[in-house]
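Here's the structure we're looking at; comments come further down.
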Amino acid sequence: PVWTADATDATSQPLRLTPRASRRMATRAAAVGYCTSPTPLAKLLSSFAARRKIYKGDGSPVHSTYKALITPDWMQGRTTYGGLSAALCLEGARRTLSDEGTLDLPPLRSALLNFVDAAGGAVEIDASIVRRGQAMSTVTSSVFSEGKEGRACATSGTFVFGAPRLQSKVEATRLMTPPPATLPPPAECESIFAASFEPPGPTVLFPPTFTQHTTSLLASGPGLATAASSGDLYVWVRWKGADAGGGVGEDVSPDVSLLALADVIPPASYALFDSVAPVSSMTWQINFLDPQPVSFEGGYWLIRTRAEHARHGYSSQDMELWGAGGIAAVSRQSVAIYA
């Protein structure tokens, strides 16, 4: 099989393809660097370098511009996937707000992303502090890439960091229905990309190239592109090479890692498709509910994603991210679909 797990990831299953489909996929994969010289997330983020910094009169930072390199193994077609774009925005926001780590940061509470255009190769990240308060701070951050008309915004994000407000008397942490206790563990699940179809068209590579960095196992719900009548899926996800707690390196902030991981699976509406087709995230709003979330055993997290509506080429979905300590994040996403 072309798409397989690494040797240390025994629970990930290979993609089942007919011999002809395997040959076609191998040809396209070689053209885009699929499964060749992968760059781990920690190494990709280490390419961050400050190009410009602006400070206020009191010496506090207000704006930063960074450069980074998105390597071919993080792409899906002509762009990287939304989770990595969001993570790059967050990395720029964190570095600016903390003045390159010299100031303590409160936990990330919420993020709003708008995916505007393609991003890949050499990119720049512009981050600006909108407000720094005693409890909450807001930072905008955008990824810029070179397009046909020059430097263009590919992804824009707004991030809100907030310190605990311990004086609050309101506490309700068990309002959401937890995942079914009957869900099979990762070791008993197959890859969400396991299928016997032949990818159509010369430009469609499925699974997307970036998925070589992650393991995504379907625990419950219909498969992708199965013409299902509804889309409600539970999927185990993890970074390949992650430690037992899900970490991917001491220099990678857990919220950056988790934000990138929370967007690695296709939208829930993909279960409604009757064949493989392109999709493109438009907006994504995610709230982090636990400032110190803990993964399940083996570094796994559990995503529930539900298709709420799909019509006229657009879909809306609701998502939950669960860890060993309970609900870690909730989000909503709007997606353009080309099926």
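The values are calculated or read from the model by the stated rules, or taken from the named source; none is laboratory data. Since the structure is predicted, the reported quantities are computational estimates derived from the model, not experimental observations. Note: ideal-geometry Cβ built from the backbone for every residue, glycine included; neighbour counts use all protein chains shown. We work out accessible area using only protein heavy atoms, side chains counted, and drop any ligands, DNA or RNA first. Shrake-Rupley method; radii C 1.70, N 1.55, O 1.52, S 1.80 Å.
Assorted remarks:
- The residues listed here are ARG174, ARG151, ARG165; of these, the one that is in contact with a strand residue (DSSP E or B) (Cβ under 6 Å, 6 or more places away or on another chain), modelled with pLDDT under 95 and either open to solvent by 80 Å² or more (accessible area, probe 1.4 Å) or farther than 30 Å from LEU218 by Cα (or both) is ARG151.
- Test result for ASP251, out of contact with any Ser or Thr (no Cβ under 6 Å at 6 or more places or on another chain), within 24 Å of THR80 (Cβ to Cβ) and of a type outside the set (Val, Ile, Thr): yes
- Members of the stretch 102-141 found to be open to solvent by 60 Å² or more (accessible area, probe 1.4 Å) and assigned to a loop (DSSP other than H, G, I, E, B), listed by number: THR102, LEU103, ASP104, VAL116, ASP117, GLN134
- Just one residue in the set SER275, SER316, SER295, SER280 is of a type in the set (Ser, Thr, Tyr) and in contact with a Ser or Thr (Cβ under 7 Å, 6 or more places away or on another chain); that residue is SER316.
- The stretch 90-101 - residue that is modelled with pLDDT of 95 or more and in contact with a helix residue (DSSP H, G or I) (Cβ under 9 Å, 6 or more places away or on another chain) and, of those, most open to solvent (accessible area, probe 1.4 Å): ARG94
- Some residue of the stretch 178-196 being assigned to a strand (DSSP E or B) and in contact (Cβ under 8 Å) with a residue 60 or more places away in the chain: yes
- Given (1) more than 19 Å from the chain's Cα centre (by Cα); (2) hydroxyl-bearing (Ser, Thr, Tyr); (3) closer than 16 Å to THR158 by Cβ, index of the condition SER110 fails: (1)
- Close pairs (6 angstrom Cβ cut-off, 6 or more residues apart or separate chains): under 16 Å from PRO266 (Cα atoms) and part of a helix (DSSP H, G or I) in the stretch 80-92, open to solvent by 10 Å² or more (accessible area, probe 1.4 Å) and of a type in the set (S, T, N, Q) anywhere: GLY82/SER281
- Per the listing ALA271, ALA244, the residue uniquely over 25 Å from THR173 (Cβ atoms) and either at pLDDT below 95 or β-branched (Val, Ile, Thr) (or both) is ALA271.
- Matching residues in the stretch 301-315 - criterion: being over 20 Å from THR177 (Cβ atoms) and in contact with a strand residue (DSSP E or B) (Cβ under 8 Å, 6 or more places away or on another chain): HIS309, ALA310, GLY313, TYR314, SER315
- Strands (runs of 3 or more DSSP E) fully within the stretch 220-339 counting 2 or more residues that are free of Cβ contacts under 8 Å to residues at least 24 places away in the same chain and surrounded by fewer than 21 Cβ atoms within 10 Å (Cβ to Cβ): 301-311, 314-323
- Put simply, of TYR81, TYR66 the only residue that is within 19 Å of SER257 (Cβ to Cβ), of a type in the set (Phe, Trp, Tyr) and within 17 Å of the chain's Cα centre (by Cα) is TYR81.
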